[in-house]
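The values are calculated or read from the model by the stated rules, or taken from the named source; none is laboratory data. Fair warning: this is a prediction, and the values are worked out from it, not measured in the lab. Ideal geometry is used to build each Cβ from the backbone, glycine not excepted, and the neighbour counts take in all protein chains shown.
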Amino acid sequence: MNSDNKLAVVFGQNGMLGHEVVDAFKSAGWTVATPDGNTTFEVNIGENIGLKVFFDKVRDSYGKPMDAVVNAAAFTNVDKCETFEEIAYRTNCLGAKFLAENCIRHKVKMFVHVSTDYVYDQDWHGMLCPGFNIYNPANAYGRTKLAGDLAIEAIYKHAMSNGTATKDIGYLIARTSRLFGKYRYSFVDFVCETCLSSVNGKESPSSPQPLVDMNTTIPTSAKFVAEEIVKRCDCEEPVRSGYVNLVSKCRDTADAPTVYGYAEAIYEILNDLGLKPYKWFARDSKKFYEQREVPRPLISTMATSVDDAPHWRDALKTYIKEQYANEKAETV
């Protein structure tokens, strides 16, 4: 489809996923507006007055309606969310609410809000389908993200019922999990760099470091998520509101990794690529969170909404090969 002259607005453009979303829209031929590129003031999605000014400024600057708005902005630091839940609520819930209201006001065709598997029950032993409402967040991050999801759903349903919103506009709440990508340092990069520390002439850990064998979820490429978001914004089919799970493919819960299993998979991939990794980690036998710790969901695996989604191991191998194997080959 020809996307020339289509206009997208991306919030959270400086984050891992936001960067990828901007790249994906531009690759598809869209014009992309971002807060740092369209204002001379800081835009905080949790402050509705400034947000309204920004939306009006984008409309006036481009002289046309916004076709898509993507919210990849969030307060994602799980430990800090627990300490500063009020601040997390302002960004993760009120920010989502204000964005939805402004999208309706400007008749934006598609609003995509990025959410998380942390909204679910902390110990669900199945593959969660899109919109499956087994909600029981284990921490403040999950609570505030869930509040934002439900606020968006309620606002659009109310606007549709009273005629404020027309049938040609809609929203998607895109839930994803354990993202990795080139625009921000993640667990994958930490494990890779530590495994390759001796190869790169750096000091390796003197003894194996424990990693918990819990927190089962599905590693997912931020680039994959971004491309899927753009596909849904760039579609000629009638707008359908609701939920999608933008995660890698996974056969079942047993196929998804824990934190320790994730590191093990990364180590195996590095070994398969002939990079001679050093195994610096060991399985921690702990199966519970202590009172002083902020808990994460123990099991939160989701069924992907994308038929041709890559398996999480394949997506992980592609990323590691691009970021580490190719880099090593260039220095030899």
Would a scan of the range 2-25 turn up a residue that is of a type in the set (S, T, N, Q), without any contact (Cβ under 8 Å) to a residue 40 or more places away in the chain and outside the structural domain of Gly148 (by TED's automatic domain parsing)? yes
Among the residues of the range 17-28, are any basic (Lys, Arg) and over 12 Å from Ala226 (Cβ atoms)? no
Any residue in the range 19-36 that is touching a Ser or Thr at 6+ places or on another chain (Cβ under 9 Å) and at pLDDT below 95? no
Going through (1) at pLDDT 95 or above; (2) of a type outside the set (Asp, Glu); (3) surrounded by 14 or more Cβ atoms within 10 Å (Cβ to Cβ) one by one, Val199 fails only at (1)
The number of residues in the range 246-275 that are among the hydroxyl-bearing types (Ser, Thr, Tyr), assigned to a helix (DSSP H, G or I) and under 20 Å from Asp189 (Cβ atoms) is 3
Cβ pairs under 8 Å, 6+ apart, first in the range 296-322 and farther than 19 Å from Trp124 by Cα, second assigned to a helix (DSSP H, G or I) and among the hydroxyl-bearing types (Ser, Thr, Tyr): Pro310/Thr318
What residue, of Tyr278, Tyr243, is on the phi < 0 side of the Ramachandran plot, among the hydroxyl-bearing types (Ser, Thr, Tyr) and not in a loop (DSSP other than H, G, I, E, B)? Tyr243
Looking only at residues in the range 156-204 that are assigned to a strand (DSSP E or B) and among the β-branched types (Val, Ile, Thr), which one is nearest to Ala222 (Cα to Cα)? Thr176
Checking the conditions here, which among Val9, Val21 is within 15 Å of the chain's Cα centre (by Cα) and of a type in the set (Val, Ile, Thr)? Val21
